[in-house]
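Since the structure comes first, as structure tokens, the remarks are kept for the end.
What follows draws every value from the coordinates through simple rules; no lab data is involved. None of the values given here were measured: they were computed from a predicted structure. Counting neighbours? That spans all protein chains shown, and the Cβs are built from the backbone with ideal geometry, glycine included.
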Amino acid sequence: MAEQDFVTLTEKQKKARRSRSIAIGIALAVMVVIFYVATIAKFGPAILDRPM
Amino acid sequence: MDGAVSGLSEATAGDFVRLLKPRVMSLVVFTAFVGLIAAPATLNPFIALIAIAAIAVGAGASGALNMWYDADIDAVMTRTATRPVPSGRVSAGEALSFGLVLSALSVMTLGVLVNWLAAALLAFTIFFYAVVYTMWLKRSTPQNIVIGGAAGALPPVIGWAAATGAVSLESIVLFMIIFLWTPPHFWALALFKSGDYERAGIPMLPNVAGEAATKRQIFAYSIPLAAVGMAPWAMGFAGPLYGIVAAALGAGFVWYAYRVLRMPQSDRAMKPAKQLFGFSLLYLFGIFAVLMADIMLSRFGATGF
């Protein structure tokens, strides 16, 4: 059976990957906040103003 | 094994930020913001913030596309050799997809959350910078930056369109200020960096038409620039504060351009050209800053604050 070919990341690659992962996480969170805030802003005060 | 081949990247988030050309982006953010503030309409502050962010990301995306396409020439110029793609930290394919994804995302965000005229203008700006300027004009004509400058001049028009949903004469005046500013700004740089451009094979004016012609062109642009700089005051959408500062800045620009015109051929240190380059940055920042201050003062004054 052929030996499995494992890839071992160097320390530098691990650090770089972590840095990219954090940046992607932050970017996604910012996107969510942007669309949430924009939705609320577009609704305007009228959202509170509906018959119960 | 080579990281790029195996897909094991050593690119950090910082490298991707550098692909966005943060310093160019800061000027784009600033001029777009002034365009948005100067417009006679009030946007919800959150929506305004989102509009500016989308314009900034769109500008950054065009920077990434530029760095993808220009990696070959960036590698041979001292000013750009350490950029992420020529230095090998980010692969060309990564830069391309990063640029394309951010372009689509920024245009869609601006369109959905602000308005589609602003989004269309942003898309046009990205296209103009990445395709018309980078892929076509930059390598083929010494008028590259004159025409390509239109991309850099559009952000205040986008900001204005984001606020009002329209393109107006006032926003075109802001466009013209940056449009006329771009050639003398870059030609001053090209004068003392002509060796770099020569090596990279980019047809910049000094190595195509010669230094004397470049100096004349710089001076020739400085006069209409100073005149158009006065237009916001002459047209009445900026007050006397703006008029006075714009006149002083315009006179300064013409004076520095004149010093470049008078610079002897034997002057290899080219201090006047370096001074004009430095002053040109101050000029553009100053014009837009004072326009913003002037408009805000008159607006708050009028509403009794």
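Annotations for the structure displayed:
- The stretch B:46-185 - convex hull of alpha carbons, volume per residue in Å³: 106
- Its relative contact order, with pairs defined as Cα atoms under 8 Å and 6+ residues apart, puts chain B at 18 percent.
- Beyond 26 Å, the tail of the calculated P(r) for the stretch B:148-305 holds 32 percent of the Cα pairs.
- Calculation over all alpha carbon pairs of the stretch B:103-146 in 10 angstrom steps from 0 returns a P(r) of 30, 38, 23, 9 percent.
- The fraction of Cα-Cα pairs per 10 angstrom bin, counted from 0 for the stretch B:250-303, comes to 23, 34, 21, 14, 7, 2 percent, rounded to whole percents.
- Projected area averaged over orientations for the stretch B:4-58, convex hull of C-alpha atoms, nm²: 4.9
- Computed from label points 7 Å out along Cα-Cβ, the spacing between B:TRP136 and B:GLN265 is 3.6 nm.
- Pairs beyond 19 Å (Cα-Cα), from A:LYS12/B:LYS21; A:LYS14/B:LYS21; A:LYS15/B:LYS21; B:LYS21/B:LYS274; B:LYS138/B:LYS193: A:LYS12/B:LYS21; A:LYS14/B:LYS21; A:LYS15/B:LYS21; B:LYS21/B:LYS274
- With at most 12 other Cβ atoms within 10 Å, longest stretch of chain B clear of loop trypsin sites (Lys or Arg not before Pro) (DSSP): B:80-261
- Structural size metrics of chain B, computed from C-alpha coordinates, are Rg and Dmax of 20.0, 68 Å.
- Loop-located chymotrypsin sites (Phe, Trp or Tyr not before Pro) in chain A (DSSP state other than H, G, I, E, B) with a sparse environment of at most 10 neighbouring Cβ atoms within 10 Å: A:PHE6.
- Surface/4 estimate of mean projected area, convex hull on alpha-carbon atoms of the protein assembly as shown, nm²: 25.0
- Cα gyration tensor category, rounded, prolate or oblate, for the stretch B:143-236 with a/c compared to 1.5: oblate
- Cα Rg, Dmax (largest Cα-Cα span) when computed across the stretch B:78-136, Å: 14.0, 41
- Chain A: equivalent-ellipsoid semi-axes (sqrt of 5 x gyration tensor eigenvalues, Cα, Å): 48, 14, 6
- When B:TRP116, B:TRP160, B:TRP181, B:TRP233 are arranged by Cβ crowding within 10 Å, least crowded first, meaning fewest neighbours, the order is B:TRP116, B:TRP233, B:TRP181, B:TRP160.
- Gyration tensor (alpha-carbon) shape descriptor, the stretch B:1-107, a/c threshold 1.5: prolate
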